[in-house]
Number of protein chains: 2
Amino acid sequence: MSKDNEILVSLRGRLVNGQFDPGQRLQPEKLRTDYGCSASTLRETLFRLSTEGLVDFQEQRGFRVPRLSRKLQHELTLMRILLEGEGACLSIRLGGVAWEARLSAAHHQLSHIEMRVGSEPPAGHILELWSNAELEFHQTLIGACDSDTLKRTHRIIYNQFRQQLITTGQKFVFIPENVEQHKAILDAALDRDEPLIRRRIHDHLARNLMQPEAMPV
Amino acid sequence: MSKDNEILVSLRGRLVNGQFDPGQRLQPEKLRTDYGCSASTLRETLFRLSTEGLVDFQEQRGFRVPRLSRKLQHELTLMRILLEGEGACLSIRLGGVAWEARLSAAHHQLSHIEMRVGSEPPAGHILELWSNAELEFHQTLIGACDSDTLKRTHRIIYNQFRQQLITTGQKFVFIPENVEQHKAILDAALDRDEPLIRRRIHDHLARNLMQPEAMPV
DNA sequence: AAAAGCAACAATCTCGAAATTTTCAAGAAT
DNA sequence: ATTCTTGAAAATTTCGAGATTGTTGCTTTT
């Protein structure tokens, strides 16, 4: 893999895992030390990430980590409901037993982690583990739909969502209700009930639509 | 505006207007002549456009104009139905009289052009004119929704759609039924009938879901 | 004749530095 | 005291060249 691509993957990972502070400047000259490459290479990468929404770019003013924004989180949630709802319904229509199996497996993994963390909001490495498992579940959910475009769009939206939420504070990421809600989504998928899965995906994500008090932004 | 950005806008325009052949290589060294800049600058720009889906990139193999693909067109149509349906409904809820006025204006412009071209498939400059008017109408349709994310996503999808369709052959772009369909969408918007506008947007775009014979790809 | 190996060529990838623009702080003027 | 200039410092933008990798056509081998 080209250096360029390695850096892209690594930086994207750091961004979605909240390893930079919101609003922090991302200067090619500074980041060089982390990757041992030239500033131009990093500039290239940062431009790519800016098109994905993970980095803010302003002409002649450089790159920054996006700031936290309630409105953006709201918008991203709406998009997730839309894309995952549609993708899940398409998957129900097109997916076979193999898909059901993958989804069950993903749910099993996820619920196993959720059991372990109990009602404590996970932190650090555990948080990343849980977050990856949740991503896997939601990606598998739409995985049997035949639209690469939808999947790619969803991945971009999800990354932005995760970047926002993970830096917002871990207590908002994990909620005990998740366990039952994920189970409910799985059941609807196995029952191949499209309207029901739409509703359950909506209910599952809608909690992000109004996080009243206590949000640091 | 920085040179970088000028080139981005210009290249994007050329790509969505079908001024390159599908599958054609886009080599920084070759494109230099068009823009009088260095290859590195063009490489940067091409990377950005690849994230938008307007350019294909393969590691160590450079950039290419995406090939025509029935499947991709199908997927993009599905995404348009999803995004424009949702965006239009949100606009209906949030838009005021000013939005109705803008939409009427956009429709008036569009139908004026559609009258002029009659049933002949437009070509060359007229095609571009019509295509811009159609974009304006569809963008205004979702313009009053308060989600920048949805609008940005829609713009990216629409650009890819236009790139595919405009190079496919002009006869597929323009269809006489468009005139009535656009009118029907406008009416549903002014009536603020959400289910109806969803259905009409679907019917309007669904013609792209099955273009049976005679497609050059 | 077909396949494998090789060498010359072309394109991509990476880099560091020059040119341009912005930022910031100190001093002058109102 | 506030605003306006000025100039040095820092950051971004742009560039062309060297390093690396892929491609092409020719030769050799089986």
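Structural remarks
- Taken over the stretch A:66-76, the criterion of being touching a Leu at 6+ places or on another chain (Cβ under 8 Å) and crowded, with 22+ Cβ neighbours inside 10 Å is satisfied by A:E75 alone.
- The lone exception for A:E100 - which of (1) assigned to a helix (DSSP H, G or I); (2) modelled with pLDDT of 95 or more; (3) closer than 23 Å to A:F161 by Cα it fails: (3)
- Set B:Q160, B:Q139: member being at pLDDT 95 or above, under 28 Å from B:R67 (Cβ atoms), crowded, with 20+ Cβ neighbours inside 10 Å and not β-branched (V, I, T): B:Q160
- Qualifying positions in the stretch A:21-71 - among the aromatic types (F, W, Y) and over 26 Å from B:L150 (Cα atoms): A:Y35
- The lone criterion from (1) assigned to a loop (DSSP other than H, G, I, E, B); (2) more than 16 Å from DNA strand C (Cβ to nearest atom) left unmet by B:F20 is number (2).
- Selection count, the stretch B:8-42, where residues are near DNA strand D (Cβ under 8 Å from one of its atoms), away from chain A (no Cβ under 12 Å) and open to solvent by less than 40 Å² (accessible area, probe 1.4 Å): 1
- If the condition is being within 7 Å of chain A (Cβ to nearest Cβ), within 16 Å of DNA strand D (Cβ to nearest atom), free of Cβ contacts under 8 Å to residues at least 40 places away in the same chain and part of a helix (DSSP H, G or I), then the stretch B:44-89 contributes only B:F47.
- For the condition at pLDDT 95 or above, at negative phi, hydrophobic (A, V, I, L, M, F, W, C) and within 19 Å of the chain's Cα centre (by Cα), A:A123 does not qualify.
The values are calculated or read from the model by the stated rules, or taken from the named source; none is laboratory data. Just so it is clear, the model here is predicted, and its values are computed rather than measured. Note: ideal-geometry Cβ built from the backbone for every residue, glycine included; neighbour counts use all protein chains shown. Just so you know, the surface numbers come from the protein's heavy atoms only, side chains and all, with ligands and any DNA or RNA stripped out. Shrake-Rupley method; radii C 1.70, N 1.55, O 1.52, S 1.80 Å.
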